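Structure, as structure tokens:
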Amino acid sequence: MDELPRIYQPRERTTAPSDRASLLSGLNPEQAAAAAHGDGPLLIIAGAGTGKTRTLVYRVAHLIERGIRPERILLLTFTRRAAQEMLSRAERLVGSASGRVHGGTFHATGHRLLRTYGESAGLARDFSIIDQGDAEELMGRARAQLGFGAGAKRFPKKETLHYVYSRHINTEKPLEVILGEELPQFAEYADQITRIFAEYVSRKGERNLLDYDDLLYFWATMLESSEELAQRISSLYDHVLVDEYQDTNILQARILRGMCRTHRNITVVGDDAQSIYAFRGASFRNILEFPKQFQGAAVVTLEQNYRSTQPILDVTNTLISRASERFSKTLWTVRGGGDKPWLVTARDEHEQTRFVVDRILQLHENGTPLGEIAVLFRAGYMSADLEIELANRKIPFEKWGGIKFLEAAHIKDVLSFLRVLDNPRDEISWFRILTLLPGVGEVTANNAIHALLARAWDVGALEDFVPPARARAAHGALVAMLRELRDTPSAQTGDAGPGGADEGAVARDIARIRVLYDDILRERYDRPEPRLADLDQLQTIAAGYPTRGAFLSALTLEPPSSTQDLGAGADSEDDHLVLSTAHSAKGKEWDAVFVIWAVDGWFPSSRALGDDDELEEERRLMYVAMTRARNELAIVYPLNAYATQRGSEYSIDQLSRFVDRGVRQHMQRVALGPPAPDPAAAPPRQEPLLDLRALLRGRFTP
């Protein structure tokens, strides 16, 4: 397919006051054209490292300077931290007025609007939000209720069912199409799966629960199914700005059309070359078709790169130019110097590892901090050999993509107590709490939940429930704790009397829960100290929230990876090398980047080789990985690998098809020689000049 034309259409600008001209003076011409755009739709195609965040910040500041009321501006980002950073930078330009801009993620904004307008759409205002893990558990309960999957034939697991459900909601693909394309082995169960989904939706409604997908789906439905609600919600804002537009899905695109149904003042920023989240439902077509969906849209392309050297840009420009569909752009920089990126051929995985570690140490000795060096790969398991070698050589590193803070069992346990206090109908949290008690298994826990259900989720039903003998002491302690916290309403309502909201109430709730739970934790784990420290941190953070509901919603909508992400304390001062998947590296940058396992079947993934769309996404993923580098880039691939890691057909490796001849012309080939001799090592073996033992024997042998 032909490339989409590069379009540059800055709107005609009227004479601006001197202070407005000064506001834009720090931008290059394209950035200034985007920031000073007037009304109407605007698409900013921002290549990697071209200052898209800066441009969006100045766009917000310019709108405020123009006289747009800050509270009439909506800034949508994919992380809460990104919105906070942008608004903080805007404040330095236009003052505290930018603090009244409504900024946040799609899900957080949907949550806020549903709290405000949901009752008009039949949604109870005190709903609870469940995370992905709890949604999967609820899906499993729906499956069990209907009795599916109990036979000998293989039936989808709860995680698979939830994946299909979420994909159906976010992509709008029919269930049969999703099963046919991705899970053909389960296509025969389409009718049963549909019934499970109906039961899942019913259970959410009965228990006053919303999952992540509901936050977007209900927001879109209010905009599309009620003229009155659509008018009330869309009229809240005069301008809508969206970051990382290439990562939006079909549902989010519908929401944006509904929010701009009257004024059409929408600005989106993104890079089609960095669309890498199709597995989450993101639609590459959203950004490509924006000019069609919003007729008359201006398109501004940012091509001046402020991150990488020109040799790195020459390689990445050539790599992405092979994409079948894209907005045409060629990144350039005024930075001088820089070596060509290295293309390193290793004999096998061990030689690949040895080269990477030796080169990292060399860079570090030459003054590059370990924290400014990253090793990137397609999937987490590809760094196993490297991690062993780093540990052996005592090189500190951190790996991005491990278990997230809120997925840790001890954190979910404590939050479950808060959830049932906030919403007594949350059966998933009840089940988790009950199975913590000694001697209480699945059957006993379900019996207790049925007793609660029969009493309309009145906690008093638990007091009348007779537990197994082993659980009686713990059951009594649980009932006493729940009674005490239930009768202390401040953490639920935020009402502390004349003084206003009691911001310590949620932390005190956790402290009371831990009187019971810490002993359970010590029994379950051989090394409880790190987990107890996590709970200390959770308790500290909870002190900043006025109500249980506010605390639980904040954690669920913006799940942190660690206690640092919860907002406590400064970043660690320790210098650590970064190991990361290419997906997790998006949006980051380092002085030196190594991309390992650049091998067909590894990068690109073998799963993508038979599908053109998936293969194109793999190309964009490699582009993202390579464009993270500021000064040094090395692409490394081993010629041989152990066949058992991917199947018997892979034993001799082929360089990634993305690093074709044209790409290689902009790289320097590096051949690895034998390891340098160790001066302390023993000299090489040679024929002896004499045989001492033979001479000694000769003294006594005729």
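Within this structure, Asp348 fails the test of being among the acidic types (Asp, Glu), surrounded by fewer than 14 Cβ atoms within 10 Å (Cβ to Cβ) and closer than 21 Å to Gly673 by Cα. Within the range 151-189, if we keep just the residues that are among the acidic types (Asp, Glu) and free of Cβ contacts under 8 Å to residues at least 40 places away in the same chain, the residue that is surrounded by the fewest Cβ atoms within 10 Å (Cβ to Cβ) turns out to be Glu188.
Within the range 598-613, residues that are at positive phi and in contact (Cβ under 8 Å) with a residue 24 or more places away in the chain sit with their Cβ atoms under 8 Å from residues that are part of a loop (DSSP other than H, G, I, E, B) and aliphatic (A, V, I, L, M), at 6+ positions apart or across chains, in these pairs: Gly601/Leu609.
Any residue in the range 522-529 that is surrounded by 14 or more Cβ atoms within 10 Å (Cβ to Cβ), modelled with pLDDT of 85 or more and on the phi < 0 side of the Ramachandran plot? The answer is no, given that none of the residues of the range 522-529 is surrounded by 14 or more Cβ atoms within 10 Å (Cβ to Cβ), modelled with pLDDT of 85 or more and on the phi < 0 side of the Ramachandran plot.
Taking the conditions exactly as written (at pLDDT below 95, more than 30 Å from Ala323 (Cβ to Cβ) and not aromatic (Phe, Trp, Tyr)), does Ala641 satisfy them or not? Answer is no for this residue.
Yes/no matrix, rows are residues, columns are (1) without any contact (Cβ under 8 Å) to a residue 60 or more places away in the chain; (2) surrounded by fewer than 23 Cβ atoms within 10 Å (Cβ to Cβ):
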position: Gln231; (1), (2): yes, yes
position: Arg254; (1), (2): yes, yes
position: Thr262; (1), (2): yes, yes
position: Ala273; (1), (2): no, no
position: Lys292; (1), (2): yes, yes
position: Gln304; (1), (2): no, yes
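Okay, residues lined up against (1) touching a residue at least 24 places away in the same chain (Cβ under 8 Å); (2) surrounded by fewer than 20 Cβ atoms within 10 Å (Cβ to Cβ); (3) in a helix (DSSP H, G or I):
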{"site": "Ala384", "(1), (2), (3)": "no, yes, yes"}
{"site": "Glu387", "(1), (2), (3)": "yes, yes, yes"}
{"site": "Ile395", "(1), (2), (3)": "yes, yes, no"}
{"site": "His410", "(1), (2), (3)": "yes, no, yes"}
{"site": "Val414", "(1), (2), (3)": "yes, no, yes"}
{"site": "Phe417", "(1), (2), (3)": "yes, no, yes"}
{"site": "Pro438", "(1), (2), (3)": "yes, yes, no"}
{"site": "Asn446", "(1), (2), (3)": "no, yes, yes"}
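For the range 585-614, name all the residues that are surrounded by fewer than 17 Cβ atoms within 10 Å (Cβ to Cβ) and over 28 Å from Lys52 (Cα atoms). Scanning the range 585-614 gives Ser606, Arg607, Leu609, Gly610, Asp611, Asp612. The single condition among (1) farther than 22 Å from Trp219 by Cβ; (2) of a type outside the set (A, V, I, L, M); (3) not in a helix (DSSP H, G or I) that Gly103 does not satisfy is (1). Val334 meets the conditions (1) without any contact (Cβ under 8 Å) to a residue 40 or more places away in the chain; (2) surrounded by fewer than 18 Cβ atoms within 10 Å (Cβ to Cβ); (3) under 30 Å from Leu183 (Cβ atoms); (4) aliphatic (A, V, I, L, M) in every case but one. The failed one is (3). Residues in the range 68-100 that are within 24 Å of Tyr306 (Cα to Cα) and part of a loop (DSSP other than H, G, I, E, B): 2 in all. Checking the stated criteria, Arg664 turns out not to satisfy the condition of being at pLDDT 75 or above, touching a strand residue (DSSP E or B) at 6+ places or on another chain (Cβ under 7 Å) and either among the hydrophobic types (A, V, I, L, M, F, W, C) or closer than 24 Å to His350 by Cβ (or both). State all residues of the range 346-368 that are without any contact (Cβ under 8 Å) to a residue 40 or more places away in the chain and hydrophobic (A, V, I, L, M, F, W, C); if no residue qualifies, say none. Matches in the range 346-368: Val357, Leu361. Taking Asp247, is it modelled with pLDDT under 95 and outside the structural domain of Asp134 (by TED's automatic domain parsing)? Yes: the conditions hold for Asp247. Within the range 20-34, the set of residues being outside any loop (DSSP other than H, G, I, E, B) and surrounded by fewer than 24 Cβ atoms within 10 Å (Cβ to Cβ) comprises Arg20, Ala21, Ser22, Leu23, Pro29, Glu30, Ala32, Ala33. Every residue in the range 275-290 that is crowded, with 19+ Cβ neighbours inside 10 Å and modelled with pLDDT of 90 or more, please. Hits for the range 275-290 are Asn286, Ile287, Phe290. Put simply, of Ala456, Ala480 the only residue that is at pLDDT below 90 and on the phi < 0 side of the Ramachandran plot is Ala480.
Of all residues in the range 137-164, those being part of a loop (DSSP other than H, G, I, E, B) and aromatic (Phe, Trp, Tyr) number 2. Mind checking whether some residue in the range 60-67 is farther than 25 Å from Ser321 by Cβ, in a loop (DSSP other than H, G, I, E, B) and in the same structural domain as Leu236 (by TED's automatic domain parsing)? There is at least one residue in the range 60-67 that is farther than 25 Å from Ser321 by Cβ, in a loop (DSSP other than H, G, I, E, B) and in the same structural domain as Leu236 (by TED's automatic domain parsing). Being at pLDDT 85 or above and either among the basic types (Lys, Arg) or surrounded by 13 or more Cβ atoms within 10 Å (Cβ to Cβ) (or both) is a description that does not apply to Ala469.
The values are calculated or read from the model by the stated rules, or taken from the named source; none is laboratory data. What you see is a predicted model, and the numbers here were worked out from it, not measured in a lab. Note that each Cβ is placed from the backbone with ideal geometry, even for glycine, and that neighbours are counted across all protein chains shown.
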